[in-house]
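Okay, so here's the structure we're looking at.
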Amino acid sequence: MWALRALVIALSIQAGTLDLVETPPVVSSLPVAVPNGSPLPLSLPTSPHHKSSSSSQGSPIKKHPAASKGGKCAPAARYFLSSGKLHDYLMNNLPTQIEDIVKCDDVGMAGVLGTLLATLDSADLLSLLDPSSLLKGAGGLGLDGLLGKEGNEDSSKPSSGSKATGGLNKLLPGGGAGLDSLLNLGGDKGSGKGLLKGEGLSSIKKPLNDMVENVDNIKDSVETKVKEILPSEIKDPVSDLLKINLKELLLEFQVDEVTVDSTDITMAADEIQVHSTVTATIGGKGVLGPVISALKFESDMEVTMKIAISSNNTQCVNLDIQDTHIQVNEMKIQLIETVTGTVPLPMSLPLNDLIPIVLSAEMNENLEKSNSCAIVLGDFNDCKNATGLFKYWVQSARISPKGLAILYCVEANLGKKSVPVPGRRLPPDPKDATISVTMSSSMLKILIIYVAKQSSVKMNGLDANITKIAYAFQKDKQLRISYEAAITKDSEDFATGKTQLIISHGSKITKAKLEPNIKLISSDHRVEPPEAEEEGKLVLSELAKAFWSSLNDMYKQMTIPEGVSSFALMNANIRPLKSSDLQATN
């Protein structure tokens, strides 16, 4: 039976299949200037009856092409989630789901094991043991010759393909030709799947059973070795149990327990790599279930997977589980108690190493076919199509050793039209941030220009509208907005006004919702020529009230990029940066 090891090596060499782990129009008419430290003018179109001063400057705003919903745009907003947060989320969610996959009925670990053992007509537990693990230096027992090893070769090292197949050829009818016919290898490399079907293990059942007589001396030696390491009180009961024919047990296997012993998570370029070590115990039920309760089949295995980001150019991203793979490294009989239940017995007897290879192949094939055995991280992000002043959709999303970064295209819903927000290079996320949202200065700029265009007043026969506007954040983080206004009387030029507004900015973000907190601190007006100052200041004051009311109302409607719903910003202050971009972090 243990000569199957040579068969496996031949499979891996000739078929290459047994290595189971791989490793706005309203805005376009407004000139735009975004200051960096000092305000620059944003010129607005003048009234047809008002002649602009020769000193006024500013060029018409360039029309920006609409951003493609296929992700072709310059990003105007970004969400960042640190690798530490991602790691914590995965560690809280993956182990339980990995255990569920191994237990999953469709994966069928217990059923595969039962089918495998039933494939061999005269299999008893003793014949399934791995002699190389129990018989060290067993050349005198004929083991090395059987496996095709040279006398001076280290028995702890895997045999070379030629030596292994050489030893097996001596046992199979027809020698090497018989082996090739048995494996049906030829030049076509198989997938290593379906080993329990068709001409898989069932086709080698008879040759292996024929070899039982040739290896009886090894079985006897294994039994002797097992008895040597057992306490004297249970040598005979355990030995008898090991020699019971498995079919006579009428045993139905079941996965009793699965435990994830360790999980390693690596943030690589554009993917997350997950490697878990798992221990599974398989018990049985049947007529002789109480007898077999003294034994426990235990499997040491590894579960690996890759996690990528999927977005489909929507407003939302999710984690996509890819390439889930199960590798059974060892299957052993764990003697957890004695037959008499009186003597503790902390020891294990490893099974032949063909069993974990076949288990791996069959379990992975079942996993691939299953619609119910899968890891799903559905609570990572609750995707909703948010609406509001700004609309976001994913331009790109990337995983790196630093974490997850999502870049967004942005549209502003101004009146009844949607206007693309021009993107630009965004400042980096703070090094100590675990979650951050950055919004381009273009978003605030397009809002201020739109409000300026919509702001005009009529008072005491005077008309006033804003023609040029600029803004900047001061060192104290307060927002300074400066604008010029054309004042007409009876459709004729009357005066030019200049206004400066100082606005405090203390807003926050909680769960992707803006908590607005802006206040008008002061306003200052000047009028040219001096003789129009009294009337001009009155109308400028009313214009400032209209502008501020509209700006305040629209600012409260600002929507924030959600990023990942399970890791939303909480009570995060919005800070203006030197670049006039806005950023909030936790």
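Read-outs throughout are calculated quantities, based only on the coordinates presented, and are distinct from any laboratory measurement. Small disclaimer: the values here were computed from a predicted structure and weren't measured.
Over the range 344-490, the fraction of Cα-Cα pairs per 5 Å bin, rounded to whole percents and listed from the shortest bin up, is 2, 6, 9, 10, 11, 10, 9, 7, 7, 5, 4, 4, 3, 3, 3, 2, 1, 1, 1, 1, 0, 0. Remark: the Arg575-Lys498 segment gains 24.9 nm on full extension, using 0.36 nm per residue and subtracting the alpha carbon distance.
The stretch between Lys458 and Gln273 holds 60.1 nm of extra length on full extension. This uses 0.36 nm per residue minus the Cα-Cα distance. Given 4 °C and 1.567 mPa s, how large is the Stokes-Einstein diffusion coefficient of the range 486-576 in µm²/s, with Rh as the Kirkwood radius over Cα pairs? Translational diffusion coefficient: 82 µm²/s. Each part reduced to its alpha carbon centroid, the range 96-117 and the range 524-575 end up 63 Å apart.
Per residue, the convex hull spanned by the Cα atoms of the range 413-505 measures out at 146 cubic angstrom. In order along the range 547-562, the Karplus-derived 3J(HN,Hα) couplings, from 6.51 cos²θ - 1.76 cosθ + 1.60 at θ = phi - 60°, round to 5, 5, 4, 5, 5, 4, 5, 6, 4, 5, 8, 4, 9, 10, x, 6 Hz, and Gly and Pro are given as x. A straight chain from Lys508 to Ser549 at 0.36 nm per residue would run longer than the Cα-Cα distance by 12.8 nm.
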